[in-house]
Amino acid sequence: MPTIEVEQRVPQPVLSIRQTVPIAELTQAQAASLYELWRLLQDRGIAPIGPPFVRYHTFGDVETDVETGVPVGDAVAGAGRISRGELPGGRAVTTVHLGAHDCLGDAYNRIQEWLATQGQPAGPAWEVYEWIDLTREPDLSSWPAPADWRTQLVQPVT
């Protein structure tokens, strides 16, 4: 079973798109955001320094406030819907989910169990999609089968 790790993280500059979208359109919105981020990186000759992430600022029954982003080496100016930002530094707990996202809740539950006895959240968690490489054009057909997806969850804590 995957474990919980406690880390000290440094702030990470990112480029991201934050939007409120209906839950039913979440997959399409994230795919469009990944493409826009890739296009900006290509246009500016910037290489991402890691895989993309998704951070849910709120998650309702009907819609969600979601941020899709990519880590970059320096604070880079955004354009259009793309904003410059930062993933927070400081103490965080992480865990890994292997497989399709229909069971991603198990990884969130591990974090919640840890929080129940050892800490408090310090902002929204984010998911790092380790199977997506934004040095190449996003193409769903080139991604591995969902059973092979590796997703890291990061939860800042106090």
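Which pairs turn up if I take residues in the range 135-150 that are closer than 17 Å to VAL54 by Cα and look for partners that are assigned to a helix (DSSP H, G or I) and open to solvent by less than 60 Å² (accessible area, probe 1.4 Å) with beta carbon separation below 6 Å, at least 6 apart in sequence or on another chain?
Within 6 Å, the pairs are PRO138/LEU34; PRO138/TRP38.
Table: residues versus (1) modelled with pLDDT of 95 or more; (2) in a loop (DSSP other than H, G, I, E, B); (3) open to solvent by less than 20 Å² (accessible area, probe 1.4 Å); (4) closer than 21 Å to ARG136 by Cβ.
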residue: THR3; (1), (2), (3), (4): no, yes, no, no
residue: VAL6; (1), (2), (3), (4): yes, no, no, no
residue: PRO13; (1), (2), (3), (4): yes, no, no, no
residue: GLN19; (1), (2), (3), (4): yes, no, no, no
residue: GLN28; (1), (2), (3), (4): no, no, no, yes
residue: SER33; (1), (2), (3), (4): yes, no, yes, yes
residue: PRO51; (1), (2), (3), (4): yes, yes, no, yes
residue: VAL54; (1), (2), (3), (4): yes, no, yes, yes
residue: THR68; (1), (2), (3), (4): yes, no, yes, yes
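Can THR94 be described as among the polar types (S, T, N, Q), at pLDDT 95 or above and within 15 Å of the chain's Cα centre (by Cα)?
yes
Touching a helix residue (DSSP H, G or I) at 6+ places or on another chain (Cβ under 8 Å), farther than 19 Å from GLN42 by Cβ and not in a strand (DSSP E or B): does that describe ASP106?
Criteria not met by ASP106.
Have a look at VAL93, VAL128, VAL76 and point out the one that is among the β-branched types (Val, Ile, Thr) and either in a loop (DSSP other than H, G, I, E, B) or out of contact with any strand residue (DSSP E or B) (no Cβ under 9 Å at 6 or more places or on another chain) (or both).
Exactly one of VAL93, VAL128, VAL76 is among the β-branched types (Val, Ile, Thr) and either in a loop (DSSP other than H, G, I, E, B) or out of contact with any strand residue (DSSP E or B) (no Cβ under 9 Å at 6 or more places or on another chain) (or both), namely VAL76.
Being surrounded by 14 or more Cβ atoms within 10 Å (Cβ to Cβ) and in contact (Cβ under 8 Å) with a residue 60 or more places away in the chain is the filter here; which residues of the range 56-66 pass it?
Across the range 56-66, the qualifying residue is only TYR56.
Anything in the range 74-92 that is touching a residue at least 24 places away in the same chain (Cβ under 8 Å) and open to solvent by 50 Å² or more (accessible area, probe 1.4 Å)? List them, or say none.
Filtering the range 74-92 down to residues touching a residue at least 24 places away in the same chain (Cβ under 8 Å) leaves 74-76, 78-92.
ASP74, ALA75, GLY80, ARG81, SER83, ARG84, GLU86, ARG91 - these are the residues of the range 74-92 that are touching a residue at least 24 places away in the same chain (Cβ under 8 Å) and open to solvent by 50 Å² or more (accessible area, probe 1.4 Å).
With PRO146, PRO121 as the choices, which residue is of a type outside the set (Ser, Thr, Tyr), modelled with pLDDT under 95 and out of contact with any Lys or Arg (no Cβ under 8 Å at 6 or more places or on another chain)?
Step by step, each of PRO146, PRO121 is checked, and only PRO146 is of a type outside the set (Ser, Thr, Tyr), modelled with pLDDT under 95 and out of contact with any Lys or Arg (no Cβ under 8 Å at 6 or more places or on another chain).
The values are calculated or read from the model by the stated rules, or taken from the named source; none is laboratory data. All of these numbers come straight from a predicted model, not from anything done at the bench. Every residue, glycine as well, gets a Cβ built from its backbone with ideal geometry; the counts of neighbours run over all protein chains shown. These accessible areas exclude ligands, DNA and RNA; they are computed on the full protein's heavy atoms, side chains included. Shrake-Rupley method; radii C 1.70, N 1.55, O 1.52, S 1.80 Å.
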